[in-house]
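One structure is given here, and the rest of the page talks about it.
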Amino acid sequence: MSARVLVGVKRVIDYAVKIRVKPDRTGVVTDGVKHSMNPFCEIAVEEAVKLKEKKLVKEVVAVSCGPQQVQETIRTALAMGADRGIHVEVSGKDYETLGPLQVSKIFAALAKKEQADLIILGKQAIDDDCNQTGQMTAALLDWPQGTFASEVTLEADKLKVVREIDGGLETIKINLPAVVTADLRLNTPRYATLPNIMKAKKKKITNVKPADLGVDVSSRLEVLKVEKLKEAGRI
Amino acid sequence: MNLNKLIVLSRSVKLGRNVFAARGTCLHHFQSRRFIRSSASSLAYAKDLFLGKVNKAEVFPYPEISKEELEEINQLVQPVEKFFNEDVDSVKIDHEAVIPPETLNGLKELGLFGIQIPEEYGGLGLSNTMYARLGEITSLDGAIAVTLAAHQAIGLKGILIAGNDAQKAKYLPKLATGEHIAAFCLTEPGSGSDAASIQTRATLTEDGKHFLLNGTKFWISNGGWADIMTVFARSEVVDKDGQKKDKITAFIVERAFGGITSGKPEDKLGIRGSNTCEITFEDTKVPIENVIGEVGGGFKVAMNILNNGRFSMGSAGAGMIKRLIELTSEYACTRKQFSRSLSEFGMIQDKFATMTLNAFVMESMAYLTAGMMDRPGVPDCSLEAAMVKVFSSEGSWICVSEALQVLGGLGFTKNYPYERYLRDCRILQIFEGTNEILRMYIALTGMQYAGKILTGKIKEMKKGNVGVVFEILGKKLKDSVVRTVDFGLTGKDGVVHPSLTVKNHAKMFEQNAAHFGSTVESLLYRYGKTIVEEQLVLKKVADVLINLYAMTAVLSRTSRSISIGLRNHDHEVLLTNTFCKDAHFKNNFLLTQLQKNSPENNDANIKKIAQEVLAKRAYVCSHPLDRTF
């Protein structure tokens, strides 16, 4: 199989951190706060690496959009088994307003450029809970999508996806190339072991700018205010 | 101070050297190595403090690692933290007194069994600094931390630092993956602190190809599981005079060699998940290729191994205390009594300050020492490492106790981890060299060094080296006339950042250092060779030195933080100033007690009390309710 898989990994505030709203209420405090890979992205990487270990795909490419720090996240994906990484450089104001629409445009462009056969993303990010990037990417590429996947099986050039939906489980068969978004029960991500982290240092990460891909990252959304929720259950 | 006294000193120090040698304590090994006069660094930072000299180039600026290394270590830390937070059930490990195989496998897969083994043998090849950094996380579970440390900080260290290439190639790969676990076998039922008195024997077979090992080792961590052991035994050695002597040799012993039985695991107060047991060797056949270093050179190997591993206790302790601060402050800020949260009360705030200061000093000292050890060459930081160990073990004990106190009754229950941390912590003051032995080592190593230098100078004087005469006289005059001291820490070209000199905290350090130097000199005059017996004096000397080293570490670290603009560096300035002020006054008191006929010194009485009680082996006083009529 000569398939190439693109996996999106997002750098988010670590799930265990207590979130604090910035005093000016324009966002949350991110300075000096512990960040890590979005848990659903970890599951996505794990699935891609598993496919490679089963020799069903040839290459796993980890992609992340953001400033210099996202390289750590890409490196973690490399340590988990991805072959190479792509860092799409977005920083400053652009990064603050980066959302699913812009990211999906970037992914669509990259999928064409890298001639990817499969894109695996986490179903949503734990910071914005958008749950849109996968769907938008598929739409932009006009590819089929298997979202909320709890099981993925490659059968020749078709993908059988078991989806977690409100009523239970739905099984669908979609053609490749396709977009899959990973749900919680898809797999249990492996630890990036220290020896693998050391080996991953030798793997390549290429830098690319959104402009190079012909993508405009300006946002059409404006955040008016961010507030801490009052205690649940109190009126 | 006159010249005659100096000459008397030289004679007594020479005698002192022989006394040290004859005692065969763990101190004599360094005599063969240290050269006196080449003032070229060789890392004599702590030792030169005994001469009242501050080698600021050794410790300023604070050691720094490259950006790549920092990124790497941050990357390495993440999965380990995740593992310890999610897959380590410390309560279960403590309760069942065993580390489950799945957890052990997880640790092996993460690569934590070969942190310092070179990459060519399958390890991670990380530096001391990185090892210390990972130690901050593994310390979250005491049993695991000790198991890992017993395996790599001491168990296989001998092969790493003193083994030949064949031994390394044979044993290190499986040790790196954790397929084989290592243990360090020195202690015996009759030989704990007095390591040189071990009785396990290794006799050469007739054909000269094997040693037969016979004896019992005690308190061996990983003893029940270890496949590869570094064992120390006495063997007959013919020295250069043709005389037969019994000297200690280090051996790599495989369990597969046979004749090895491990006793049942000890039921301990803390670190209950760590396996500790007795190991008996009965005619265990060890091939001569498995001798580490030279036959008869085992003691040096043992001391090098132990000195090498101690510094990481600082970062381990700091990691644990930082976690405790988080847990305890959650409670203190939410629990209310008298309509106010505990965090508003002074005595509670005092505890948090204690924990913060201790963590700050511990990590500063640990990383300073690790940074020094990572310098090229083979720097000897055994003195500095010992100081880190003493400070960290005692600091950890106090901090855990205070944290427990904040939670009151809750802290006392098994529903919270405090009691487990407390029990796990207690061993820190005992193993890897008891704090009593280490204080002796710290004090005597330094005093001997100072004594040698002073003797050397006297010899020069006697030879007629006028330069030295003027140097000594000049110093004496200056000390008696000029009251201020300047080691180049403060002022225009000072290495310490100006913010730390505002309230003279760096100056306080310099004053203490100078005072310490002259106190050491006067102690050497007063006691000469008998200083070895004066443990209470040596304890104070060691305590002053530990404080001085701690002050150095925080001054150096904070100077760097300010200079590069690290986040929250003004908090560091606050911590540094607080600690230095405290330490300065403590040192002053200790140094006052060390002066001749000091009224503040209660040592003579303390000894008398102990003697009277120990003579009767009981409390001696009559009962307060007794009558005489």
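Quick note: the coordinates plus some simple rules give every number you see, no bench work behind them. Values in this document were obtained by computation on a predicted structure and should not be read as measured data. For neighbour counting, all protein chains shown are included, and Cβ atoms are generated from backbone atoms with ideal geometry for every residue, glycine included.
The table that follows gives values for the structure above.
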item	result
Check: the protein assembly as shown dipole with +1 on Lys, Arg Cβ and -1 on Asp, Glu Cβ, in debye	2860
Cα-based radius of gyration of segment B:247-290 once divided by 2.2 N^0.38 Å, which approximates compact folds	1.46
Under 13 Å, Cβ to Cβ, from A:LYS50 - net charge with Lys/Arg +1 and Asp/Glu -1	-1
Radius ratio Rg over Rh of chain A, counting only Cα atoms, Kirkwood formula for Rh	0.97
Two-site FRET efficiency, A:LYS158 against A:CYS130, from Cβ-Cβ distance with R₀ of 30 Å, rounded to 0.05	0.60
Nearby lysines by direct alpha-carbon distance to B:LYS168 (threshold 16 angstrom, same-chain neighbours under 8 apart not counted)	B:LYS157
Cα-Cα over 30 Å, subset of A:LYS58/B:LYS170; B:LYS457/B:LYS608; A:LYS18/B:LYS414; A:LYS54/B:LYS82	A:LYS58/B:LYS170; B:LYS457/B:LYS608
Table column - 3J(HN,Hα) (Hz), segment B:313-324, Karplus curve with 6.51, -1.76, 1.60, x for Gly and Pro	5, x, 6, 4, x, 4, x, 5, 5, 4, 5, 4
Debye log10 I(q)/I(0) at q = 0.12, 0.17, 0.19, 0.21 Å⁻¹ for segment B:151-284, Cα point scatterers	-0.48, -0.94, -1.15, -1.35
Restraint check, A:LYS113/A:LYS202; A:LYS34/B:LYS507; A:LYS201/B:LYS108, Cα-Cα greater than 28 Å	A:LYS34/B:LYS507
Where chymotrypsin sites (Phe, Trp or Tyr not before Pro) fall in DSSP loop in segment B:252-343, at most 11 other Cβ within 10 Å	B:PHE338
Residues B:TYR619 and B:ASP241, FRET efficiency given R0 of 51 Å [Cβ-Cβ distance, rounded to 0.05]	0.45
Hits among aspartates and glutamates - C-alpha to C-alpha of A:LYS160 under 19 Å, sequence gap 8 or more where chains match	A:GLU46, A:GLU47, A:GLU53, A:ASP117, A:ASP142, A:GLU151, A:GLU170, A:ASP183
Helix-only CD estimate at 222 nm, as mean residue ellipticity for chain B, using -39500 (n - 2.57) per DSSP H run (n ≥ 4)	-18000 deg cm²/dmol
Cα-Cα over 32 Å, subset of B:LYS53/B:LYS596; B:LYS174/B:LYS217; B:LYS264/B:LYS539; B:LYS174/B:LYS209; B:LYS53/B:LYS351; A:LYS123/B:LYS174	B:LYS264/B:LYS539; B:LYS53/B:LYS351; A:LYS123/B:LYS174
Cβ-derived FRET efficiency at R0 35 Å, A:GLU231 paired with B:ASN74, nearest 0.05	0.50
Estimated distance in nm for a label pair at A:ARG25 and A:ASP166, the labels positioned 7 Å out from Cα along Cα-to-Cβ	3.3
Percentage relative contact order, segment B:138-237, counting C-alpha pairs under 8 Å, at least six apart	31
Sorted peptide list for B:340-351, B:538-549, criterion being average Cβ within 10 angstrom, highest first	B:538-549, B:340-351
Straight-distance crosslink candidates among aspartates and glutamates, where the alpha carbon sits under 13 Å from B:LYS285 and sequence neighbours closer than 8 are dropped	B:GLU206, B:ASP207, B:GLU254
Chain A: antiparallel DSSP beta bridges as a percent of all, rounded to 5	40
Normalised alpha carbon radius of gyration of the protein assembly as shown [divisor 2.2 N^0.38 Å]	1.09
Rel. contact order, % - alpha carbon contacts under 8 angstrom, at least six apart, chain B	17
Ascending count of other beta-carbon atoms within 10 Å, so fewest first, for A:ASP129, B:ASP246	A:ASP129, B:ASP246
Surface/4 of the Cα convex hull for chain B, nm²	34.9
Segment A:149-235, relative contact order [Cα under 8 Å, separation at least 6], %	19
